[in-house]
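What follows is a single structure, written as structure tokens, with notes after it.
The values are calculated or read from the model by the stated rules, or taken from the named source; none is laboratory data. Only a predicted model underlies this, so the values are computations on that prediction, with no experimental measurement involved. Because the Cβ atoms are built from the backbone with ideal geometry, glycine has one as well, and the counts that use them run over all protein chains shown.
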Amino acid sequence: MKNLNISDFYHKLSVETGALKFSWPVEIVYNPLNYAWHGFTQYNDLYSHGQKRVVFLGMNPGPWGMAQTGVPFGEINAVRNFLHIGSINVISPDKQHFKYPVRGLECPKSEVSGKRLWGLFRERFGTAESFFQEHFVLNYCPLLFIARTENGNFRNYTPDRIRQDESMRLFELCDLCLIKTLEVLRPQYVVGIGNFAFKQAKKALIGMNVNISKILHPSPASPAANKNWAEKATQQLIQSGVWQ
């Protein structure tokens, strides 16, 4: 029943955030909880059962990860070979940019953030089943934003850059979904993957009996993450008491 409740929360989040409008420079919004819902529900059905001691919270889908598979940080090889999700029914989004085509598990690109994150968990725990006994991974915001740059190109646009008058409602919906999800999973620790997720968790979870900490985001856009990221993240988790 807990598993069904989490799916309900994220289905509602997908519908409500998918109805929001965003202005320039955002031109295209991907909602993988809509077109790749099958991937997310498989992940959820396999691994969200029971109480979790630790919930890792990411920012939003990456173009070569969750945007392809519906799985948080869902880098293709990790989804297939670590999470053991070998088939995902993906419905092509109505509007997508040619630089960021949605091909599901047939996507030829690898998302570095997901590769690093799941690689760390695989190295430490060996199997997905062992990792998910006490851990779970989610994203705060379900939407991927593609924006036009000043020189006419397109780029992945993170939620912290959205106009405040437009992000307010988006973040309200994300906060509510996060709170309801954690009421089901009842974690002792929430770990923000990067500063944005950490700050949003701190704001959303005021009054909840949960320890909130953070690790360095594994994105290659962060210079600090491009050398020994796994070791740095592990040390942060040990220092915050999440891992021994």
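Yes or no: the range 198-220 includes at least one residue that is in contact with a Cys (Cβ under 6 Å, 6 or more places away or on another chain) and in contact (Cβ under 8 Å) with a residue 12 or more places away in the chain. No; the residues of the range 198-220 include none that is in contact with a Cys (Cβ under 6 Å, 6 or more places away or on another chain) and in contact (Cβ under 8 Å) with a residue 12 or more places away in the chain. Inspect the range 162-175 for any residue being surrounded by 14 or more Cβ atoms within 10 Å (Cβ to Cβ), of a type outside the set (S, T, N, Q) and free of Cβ contacts under 8 Å to residues at least 40 places away in the same chain and give the result as yes or no. Yes: the range 162-175 contains one or more residues that are surrounded by 14 or more Cβ atoms within 10 Å (Cβ to Cβ), of a type outside the set (S, T, N, Q) and free of Cβ contacts under 8 Å to residues at least 40 places away in the same chain.
Determine which member of the set Phe125, Phe136, Phe132 is crowded, with 21+ Cβ neighbours inside 10 Å, out of contact with any Gly (no Cβ under 6 Å at 6 or more places or on another chain) and either in contact (Cβ under 8 Å) with a residue 12 or more places away in the chain or under 27 Å from Arg53 (Cβ atoms) (or both).
Going through Phe125, Phe136, Phe132 in turn, just one is crowded, with 21+ Cβ neighbours inside 10 Å, out of contact with any Gly (no Cβ under 6 Å at 6 or more places or on another chain) and either in contact (Cβ under 8 Å) with a residue 12 or more places away in the chain or under 27 Å from Arg53 (Cβ atoms) (or both): Phe136.
Across the range 37-66, the qualifying residues are those that are under 22 Å from Pro218 (Cα atoms) and of a type in the set (Val, Ile, Thr), and the one among them that is surrounded by the fewest Cβ atoms within 10 Å (Cβ to Cβ) is Val54. Taking the criterion of being at pLDDT below 95 and on the phi > 0 side of the Ramachandran plot, the only residue of the range 50-92 that qualifies is Gly50.
Given the structure, is Gly126 at pLDDT 95 or above and under 24 Å from Ala221 (Cα atoms)? In short, no.
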